[in-house]
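The values are calculated or read from the model by the stated rules, or taken from the named source; none is laboratory data. As the structure is a prediction and not an experimental result, all values here were calculated from the model. Backbone-built Cβ (ideal geometry, glycine too); neighbour counts: all protein chains shown. Accessible surface areas use protein heavy atoms only, side chains included; no ligands, DNA or RNA. Shrake-Rupley method; radii C 1.70, N 1.55, O 1.52, S 1.80 Å.
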Amino acid sequence: MSAVFPTVREVLALDPVRHGAPRVVAGDAGLDRPVRWIHIAEVPDIATLLGGGELVLTTGIGLPGDDAGLRAFIGDLADVGVSGLVVELGRRYLSGVPRVMVAAADRRGLPLVELRRATPFVRITEAVHALIVDAQLTELRATEEIHQRFNDLSVEGADTAEVIRQAAELSGCPVVLENLSRQVLGYDPAGESAELLLDGWEQHSRRIRLTGRTAYDPDSGWLVTSVGARGQDWGRLLLRWPATGDVPSARSGEPTAGPPTRLTILIERAASTLALGRLIRRDAEGLERQIHRTLLTALLDHSRPVDEVALRAKALGVVLDRRHLVGVMVRHRVEDLVGESGPEAAQARLRDLSEAVGQALREAKLNALTSAVDDNSVGALLALTDPAAEDRALSAFASALRRVRLDAGAARATPGVDPARGVGAGAVIVAAGSGVGNLREARRSLVEARQIAEAARRDRRDLPVFRLPHVGLAGLLHLLRDEPRLQTFVERELGALLEYDARHPREQLLDTLRAYLEQGRNKTAGAAAAHLSRPAFYERLARIARILDVDLDSVEASLSLHVALLALEAVRTP
């Protein structure tokens, strides 16, 4: 039931109720139940007319005269889920309600309240209904503000941090964005301790049990919704409610009230805005460069037919039909970004790199589509007339890019500063995918080039061009760490074990599995590496096999688990 409704406790604090000198005689643990409506009843079989959530008012004149009848009356009200029972003294019961009613109500956790002074029920009804209507209007206004706020954020193209901040501000609750592997992508603690909020986050997140796309876990107090678009989820957005304190525990069999409807609307709108923002790519390039970017993006995202891409590229003077196509990605190395922070610096750095790539292509006399393809990389699709010229063309491009960047560095250099520092051959990575024979396969070459560039960004070898043989499996998985399908693979292979470790932090069976696989499935060597006795190591392996439902003696199963472990390390490594 929505928290927009007042609780029994709040109803008892209203002036018309206080005029009746209320006294709670049973079921005080249920005073925080929400009151959906007020119902006046003077017949014993009223439960059949109720739907749950009502606060029942009665003088008791029509209630049964025997103990069994009173117990049945209380039991029927509790079964239907009423919020409480209020009995006005004076007409049927003079000094107090019968003890049998008190015992029955206390046993069922049903709030039972005496009004020791005569009170017009109509005034109570009017006051409570006015409170409900006012609360619903407030909820409606809050919902309208939520829609308007996130509409504005979508139109403005707000970044992830701003969307999360607005969600936390509107809700007054901590908000966390995570990927499918439970790694935090962004958060706002809403004034609380960020350190406490994120401490042991992955294990905490894995304990949250949910069903459905948007759901509330009363045990942890987190409201969660999936984030994604075009049928592919890439993360989850979580909002903790209530913002302070623990979630009130319910008695056995009693439902725990969930968060207000407006918070469900808020988190879903915030998730939609995040998903939309990920799809939108903004830039301030010239019209020709925008078209280059549009066409490269279309190849990467399958958003346009390849025939249309070929036609529009030809209109720009880039012939892609009947050409040997090679995807190329250029990006800065990790170390060269140290000390250069902020969106303006990143945009300027990417713009300079994009211009350098374009000039290098012209100097090498190469025909290509080229533009920035994300916040870190500049892509190019080379169109060669001769497949045998692939290596020669890539070498010429890499050499031209070195000269262009050295010249640009020399032009900006100050006396006493090495012009090649930060702009030399080692400052950027040039990665190339496998050449393909037609435009329909161009995406594969571009994606491969992007993967190689990401995997090689910490590689200190001074290679003119990185190709696929230069990066190993671990590097490739590191590059793919943001890919939802890889994260889904990790969850499918290791999710049950990760959840077990989250519930039993002292055991950490994942480390046992890692030791076993890294020692080539040699149990003796694995036990030594894990610093365990062989019987203890064997027992842990048997438990892992049961949890994951796999045969650890199977080469195929062990290989799959080993790849999943490497992928997990890639996901957890910045």
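Brief remarks follow.
- Strands (runs of 3 or more DSSP E) fully within the range 1-110 counting 3 or more residues that are modelled with pLDDT under 90: 37-40
- Residues of the range 522-574 classified as in a helix (DSSP H, G or I), open to solvent by less than 70 Å² (accessible area, probe 1.4 Å) and either at pLDDT below 90 or among the acidic types (D, E) (or both), total: 5
- Selected residue (only one of R289, R278, R236 is modelled with pLDDT of 85 or more and more than 26 Å from P34 (Cβ to Cβ)): R236
- Filtered residue count, the range 455-469, keeping only those that are out of contact with any Phe, Trp or Tyr (no Cβ under 9 Å at 6 or more places or on another chain) and without any contact (Cβ under 8 Å) to a residue 60 or more places away in the chain: 8
- Residues of the range 104-122 satisfying the condition of being farther than 15 Å from T59 by Cβ and either exposed (fewer than 15 other Cβ atoms within 10 Å of the Cβ) or touching a His at 6+ places or on another chain (Cβ under 9 Å) (or both): R107
Residue by residue, here is whether (1) more than 16 Å from D352 (Cβ to Cβ); (2) open to solvent by less than 80 Å² (accessible area, probe 1.4 Å); (3) at pLDDT 90 or above holds:
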position	(1), (2), (3)
L401	no, yes, yes
R405	no, yes, no
A432	yes, yes, yes
L439	yes, yes, yes
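- From the list R71, R91, R99, R107, the one residue that fits, being within 22 Å of P16 (Cβ to Cβ) and basic (K, R), is R91.
- Any hit, the range 7-18, residues being open to solvent by 70 Å² or more (accessible area, probe 1.4 Å) and farther than 21 Å from V133 by Cβ: no
- From the list T160, T225, the lone residue that is in contact with a strand residue (DSSP E or B) (Cβ under 6 Å, 6 or more places away or on another chain), modelled with pLDDT of 90 or more and not hydrophobic (A, V, I, L, M, F, W, C) is T225.
- Taking the range 303-324 as the range and being out of contact with any helix residue (DSSP H, G or I) (no Cβ under 9 Å at 6 or more places or on another chain) and among the hydrophobic types (A, V, I, L, M, F, W, C) as the test, only L311 passes.
- In summary, W241 fulfils each of the numbered conditions (1) at pLDDT below 90; (2) open to solvent by less than 30 Å² (accessible area, probe 1.4 Å) with the single exception of condition (2).
- Hey, R444 surrounded by 19 or more Cβ atoms within 10 Å (Cβ to Cβ) and either assigned to a loop (DSSP other than H, G, I, E, B) or of a type in the set (K, R) (or both) or not: no
- Of residues in the range 169-184 being closer than 30 Å to V490 by Cα and in contact with a strand residue (DSSP E or B) (Cβ under 7 Å, 6 or more places away or on another chain), the one surrounded by the fewest Cβ atoms within 10 Å (Cβ to Cβ): V184
- Residue among A130, A103, A78 that is touching a residue at least 60 places away in the same chain (Cβ under 8 Å) and not hydroxyl-bearing (S, T, Y): A103
- Some residue of the range 475-484 being open to solvent by 10 Å² or more (accessible area, probe 1.4 Å), more than 21 Å from E178 (Cβ to Cβ) and among the small types (G, A, S): yes
- Filter result for V227 (among the β-branched types (V, I, T), touching an Asp or Glu at 6+ places or on another chain (Cβ under 6 Å) and either open to solvent by less than 40 Å² (accessible area, probe 1.4 Å) or within 24 Å of E483 (Cα to Cα) (or both)): no
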